[in-house]
Amino acid sequence: MSNIILKAENISKYYKLGVIGTRSFKEDIQSVWKKAFKINNNLSADEQANEAHKNELWALKDVSFEIFKGDVVGFVGKNGAGKSTLLKILSRITLPTSGSIKGIGRIASLLEVGTGFHAELTGRENIFLNGQILGMHKKEIMNKFDEIVAFSGIERFLDTPVKRYSSGMYVRLAFAIAAHLDPEILIVDEVLAVGDAEFQKKCLGKMKEVSAEQGKTVLFVSHNAQALKNLCNKAIHLEKGRLLGIGRTQEIITNYLKNEQIHELQKKYNDPDQAPGNDNIRIKKLELIPQYLDQNKIIDIRTPLVVEFEFWYLPSEIIDLGVSLTLNTVLGDCIFDVDSVAKPYKKGVVKGRCKIPGNLLNNGSYTISLFFVKNTSAAIFEFEECLSFDIEDFRENTAWYGDWPGAIRPQFKVQLEQEEE
Amino acid sequence: MNNENIKNDTINWQWEISPAKSWFKLGLKELFNYRGLILRFVRRDLIANYQQTVIGPIWIFLQPLLTTLIYLVVFGNFANVSTDRVPKILFYLSGTIIWTFFFDNISGTMYTFITNAHIFNKVYFPRLVVPVSNIITQSVRLAIQMVLFIIIFLFYFFAYDMFQLSFKMLLIPFLVILTAGFALGSGLLIAVFTARYRDIDTFFQYILRLGMFITPVVFPSSIVPQKFQLLFWLNPLTPIIETFRSIFFNQNAIRYDFLLIAVAETIILLIAGLILFKRREVEVMDII
């Protein structure tokens with residue numbers, strides 16, 4: 001029983017790069033002048049076309065899709081894939097360069113919470129102000145006023161100017177208003193990024209309620225693959241302004257993550273003279289081999305990872321050689337540092353291997369560094385951040401999609417037992 | 001996906017977003033649907049303006065009074081500029097409240113895109129809501145200032161037995177609408193241009209400041225040299241302020257001919273402004 005509620009046909013959006021809108025009156029006059037008198041003739045037509053192409057960007061190119069009533073559609077894509085542009089067009093903030101979108105029913109967009117809040121006004125005044133900016137009628141707000149206040153949990157501060165609110169209270173009030181919008185189509189952008197864990201849970205719960213119980217259509221953009229997987233029944237994958245895929249969330253998200261995870265998993269050098277290293281050590285090969293658990297080929301928190309490396313060992317004296325492997329987050333925090341037993345090796349190729357078990361690391365982006373150590377004390381070569389990779393989250397049976405806290409994510413459980421009386 | 005064979009022609013689409021926009025769609029009906037938001041903005045501006053001030057809304061009275069006082073000293077006493085035999089305080093007060101009304105309307109309108117970019121970038125509503133609500137806010141302030149003017153007028157009326165009351169006072173709402181229309185029309189045009197060319201904004205600010213001296217705010221139009229009279233009267237604010245003074249003080253006959261020209265000028269500006277603004281309101285957001 002799906003009824004089409006929104007249809008986008010061949011939407012394209014074109015931006016001029018660099019100097020958008022910063023041209024002064026003088027420059028505009030000059031360009032009109034040049035056009036009129038064909039002053040640019042010393043450039044060939046091709047060169048002119050090239051010049052023009054350098055400064056243009058198709059933020060969206062021929063994107064078409066249909067959305068049915070009751071769908072919860074997730075938009076995924078890297079930064080700059082065109083998600084925000086698409087949302088802006090859907091919310092009528094900017095116009096497409098070509099193509100059209102047709103729809104049925106009221107559409108409300110939540111590209112930000114608290115749009116138009118006035119710092120000097122009280123919470124009460126701002127509920128009406130923000131609600132009306134978002135397209136609610138005064139009567140509607142009055143009917144839902146108590147609900148909004150209860151949802152936000154700021155009863156005591158209702159008559160305090162919002163400039164005295166803590167940022168948490170501010171966001172809670174703003175979201176409470178947005179959550180009671182009640183349009184046929186709701187557009188939500190990254191709202192999950194704000195607020196504390198408990199509040200995120202409340203927001204996602206509300207979104208689920210809106211779609212599942214009230215049969216509303218939700219269009220949702222988030223980087224949080226977990227949230228998308230659990231909330232959306234459909235997903236749209238954008239890349240570089242083009243539609244890469246549309247379909248069931250599971251498949252689309254899997255594809256998207258696979259696309260995302262093409263990082264530096266391997267390094268190979270054939271010529272010792274060109275390889276990184278020094279007189280003692282030359283790197284030959286370096287590889288991260290994930291032991292995928294299913295066909296999806298995504299590294300998630302369950303996936304065991306094997307690091308394999310080979311190096312040309314060219315010692316000038318006999319030493320005890322040890323190698324230590326450090327795993328850091330992209331922010332530079334060290335998660336662990338493991339080493340080998342230090343002992344003497346002969347000149348030639350030496351192989352190394354280290355297995356990082358699954359169910360150990362939390363999701364996030366990591367780098368691996370290798371340190372070659374002489375006599376367990378002095379580093380003779382440091383190969384820093386030589387591999388980088390992402391670990392995706394994986395959860396089953398949870399209603400909570402926020403970031404899981406902690407540097408590591410070991411899988412031992414808390415045991416509960418019913419005490420017999 | 002689903003095999004219901006939906007034919008697009010059979011669907012009753014309620015709205016459509018597409019790049020092409022008709023030149024002659026002013027969206028006034030849509031604007032009317034947003035009257036709730038317009039009034040909300042008026043309320044916001046009136047309340048927020050006087051939050052955390054000592055004397056609050058009394059400023060609405062005090063601003064024109066203080067300005068009048070300065071004009072009284074500088075132009076009335078030092079420079080001794082004629083006021084066409086009208087009591088100085090009433091002469092300057094009438095000029096200054098109409099000029100301020102015009103000035104606040106036009107400067108509120110011309111910065112529509114720049115001051116509201118953060119909202120316009122996140123939510124859609126007809127952009128005209130903002131300048132229209134500004135005009136209503138300013139009209140409320142004008143109404144309050146008119147009360148002050150009328151109190152002082154009545155003082156002269158009773159204490160000195162000056163002036164007569166006449167049916168021509170019914171023209172006042174018309175003068176207010178004309179001023180607002182002139183400010184809105186030219187403000188909308190400037191708004192579209194300033195969003196694109198920031199340097200034009202400085203230019204218009206300058207023109208606006210000078211505008212007070214090609215408008216009979218601190219002097220009567222009678223002292224303008226004969227050869228500039230026609231040019232001077234083509235400024236719509238000249239017949240507006242002169243008519244306003246004639247209604248109350250009867251110092252000169254009302255120039256209906258120039259009032260009519262002012263109406264024509266305002267209508268042309270207003271239509272041009274509305275069309276251009278409506279046409280560009282969304283595109284402007286890409287370049288601001």
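The values are calculated or read from the model by the stated rules, or taken from the named source; none is laboratory data. Predicted, not measured: the structure shown is a model, and the values here were computed from it. Cβ sites come from the backbone with ideal geometry, for glycine too, and all protein chains shown count toward neighbours. Surface accessibility is based on the protein's heavy atoms, side chains included, excluding ligands, DNA and RNA. Shrake-Rupley method; radii C 1.70, N 1.55, O 1.52, S 1.80 Å.
Structure values in brief
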{"quantity": "Relative contact order of region B:35-129, defined on C-alpha pairs under 8 angstrom at six or more residues apart (%)", "calculated": "26"}
{"quantity": "Where A:Thr122, B:Thr202 fall by accessible area, highest first, once all protein chains stay in place (1.4 Å)", "calculated": "B:Thr202, A:Thr122"}
{"quantity": "From phi via Karplus (6.51, -1.76, 1.60), per-residue ³J(HN,Hα) for region A:317-329 in Hz, x at Gly/Pro", "calculated": "9, 7, 9, 8, 9, x, 10, 10, 10, 10, 10, 10, 6"}
{"quantity": "For region A:266-391, fraction of C-alpha pairs farther apart than 16 Å, in %", "calculated": "63"}
{"quantity": "Estimated Rh, region B:22-149: Kirkwood, alpha-carbon pairs, angstrom", "calculated": "16.9"}
{"quantity": "For q = 0.16, 0.17, 0.19, 0.24 Å⁻¹, Debye-computed log10 I/I(0) when each Cα of region A:341-391 counts as one equal scatterer", "calculated": "-0.67, -0.74, -0.86, -1.09"}
{"quantity": "Residues whose placed amide H lies under 5 Å from that of A:Tyr345, excluding near-sequence neighbours", "calculated": "A:Ile319, A:Leu321"}
{"quantity": "Size of charge dipole - the protein assembly as shown - debye, nearest 20, with Cβ of Lys, Arg +1 and Asp, Glu -1, no other charges", "calculated": "2220"}
{"quantity": "Distance histogram for the protein assembly as shown (every C-alpha pair counted, 20 angstrom bins, percent rounded to whole numbers)", "calculated": "14, 34, 30, 16, 6, 1"}
{"quantity": "Relative contact order computed over chain B (Cα-Cα under 8 Å; 6+ residues apart), in percent", "calculated": "27"}
{"quantity": "Heavy-atom accessible surface that B and A bury in contact, both chains counted, 1.4 Å, Å² to 100", "calculated": "4400"}
{"quantity": "Cα-based Rg / Dmax (Å) for region B:121-278", "calculated": "17.9, 59"}
{"quantity": "In Hz, Karplus ³J(HN,Hα) per residue of region B:204-209 (6.51, -1.76, 1.60; θ = phi - 60°; x = Gly, Pro)", "calculated": "5, 4, 5, 4, 5, 5"}
{"quantity": "Proximal aspartates and glutamates relative to A:Lys138, as straight alpha-carbon distance under 13 Å, when same-chain residues fewer than 8 apart are discounted", "calculated": "A:Glu125"}
{"quantity": "Over 21 Å between alpha carbons, listed pairs A:Lys139/B:Lys122; A:Lys13/B:Lys29; A:Lys102/A:Lys240; A:Lys229/A:Lys297", "calculated": "A:Lys139/B:Lys122; A:Lys13/B:Lys29; A:Lys102/A:Lys240"}
{"quantity": "Charge dipole (chain B, unit charges on Cβ, about Cα centre) - positive-most of B:Ala183, B:Ile267, B:Thr137", "calculated": "B:Thr137"}
{"quantity": "For A:Val73, residues with placed amide H under 5 Å, excluding near neighbours", "calculated": "A:Val218, A:Leu219, A:Phe220"}
{"quantity": "MRE, 222 nm, helices only [DSSP H, n ≥ 4, -39500 (n - 2.57), over the protein assembly as shown, to nearest 500]", "calculated": "-13000 deg cm²/dmol"}
{"quantity": "Value in Å of the Kirkwood radius, where chain A supplies the Cα pairs that are averaged", "calculated": "26.0"}
{"quantity": "Under 5 Å, built H, 5+ apart or other chain: amide partners of A:Thr376", "calculated": "A:Gly322"}
{"quantity": "Estimated vicinal HN-Hα couplings, Hz - region B:251-264 in sequence order (Karplus 6.51, -1.76, 1.60; Gly, Pro = x)", "calculated": "7, 9, 6, 6, 8, 5, 4, 6, 4, 5, 4, 4, 4, 4"}
{"quantity": "Charge dipole (debye, nearest 20) of chain B; +1 at Cβ of Lys and Arg, -1 at Cβ of Asp and Glu", "calculated": "120"}
{"quantity": "Gaussian network model of chain A, springs between alpha carbon atoms under 10 Å - residue of A:Ala227, A:Ala407, A:Ala81 with greatest fluctuation", "calculated": "A:Ala407"}
{"quantity": "Within the accessible area of chain A (1.4 Å probe), percent carbon and sulfur", "calculated": "49"}
{"quantity": "Of all accessible heavy-atom area on region B:191-275, the percent that carbon and sulfur account for (1.4 Å)", "calculated": "72"}
{"quantity": "Relative contact order of chain A, defined on C-alpha pairs under 8 angstrom at six or more residues apart (%)", "calculated": "14"}
{"quantity": "Alpha-carbon gyration tensor eigenvalues x 5, square-rooted, for chain B, Å", "calculated": "42, 21, 18"}
